[in-house]
1. Looking at the stretch 3-18, is at least one residue exposed (fewer than 15 other Cβ atoms within 10 Å of the Cβ) and modelled with pLDDT of 85 or more?
2. Looking at the stretch 48-63, which of the residues that are open to solvent by less than 70 Å² (accessible area, probe 1.4 Å) and part of a strand (DSSP E or B) is nearest to VAL20 (Cα to Cα)?
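The values are calculated or read from the model by the stated rules, or taken from the named source; none is laboratory data. As the structure is a computational prediction, the values presented were derived from the model and not from experiment. For neighbour counting, all protein chains shown are included, and Cβ atoms are generated from backbone atoms with ideal geometry for every residue, glycine included. Only protein heavy atoms, including side chains, enter the accessible area calculation; ligands, DNA and RNA are left aside. Shrake-Rupley method; radii C 1.70, N 1.55, O 1.52, S 1.80 Å.
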Amino acid sequence: LMVCILVGCAGVPVNPQQLVGPSGKTAYAMRCSGFGRTWADCYQSAGQLCPNGYNIVDQESATIAVPVSGGGFLAAPKQTLVIECK
C-alpha cells in the first residue's frame, strides 16, 4: 500500500496556472507537491515556461497530513511556486 501511495503522489503534475504578475508580465503559479517531488521539479517547469528566465514572486513550503487506509496519516510535502517571466 505504501508503495502505491508514494508512486501515485509522485505522478501529480506541476500543472501551472497562468496569471498576470506584479509587474504586468506573464506569471505562473504551480504546485509541486507530493512524495518524490522536489523544488527542482518546479524550477525545471519554470525554466520551460519562461525560456528567457524568471523571477520568483512567491515560494511556500509546508507539510500536510494525508489520510491512508486503516485510519492513519502520512506527512506529505506541499510546495507552491509563483514565478514571473522576464
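1. Within the stretch 3-18, one or more residues are exposed (fewer than 15 other Cβ atoms within 10 Å of the Cβ) and modelled with pLDDT of 85 or more.
2. It comes out as VAL57.
A quick yes/no check of all residues on (1) under 15 Å from PRO16 (Cα atoms); (2) over 9 Å from the mean Cα position of the chain (by Cα); (3) in a loop (DSSP other than H, G, I, E, B); (4) modelled with pLDDT of 85 or more:
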site	(1), (2), (3), (4)
SER33	yes, no, yes, no
ALA46	yes, yes, no, yes
ALA65	no, yes, no, no
SER69	no, yes, yes, no
GLU84	yes, yes, no, yes
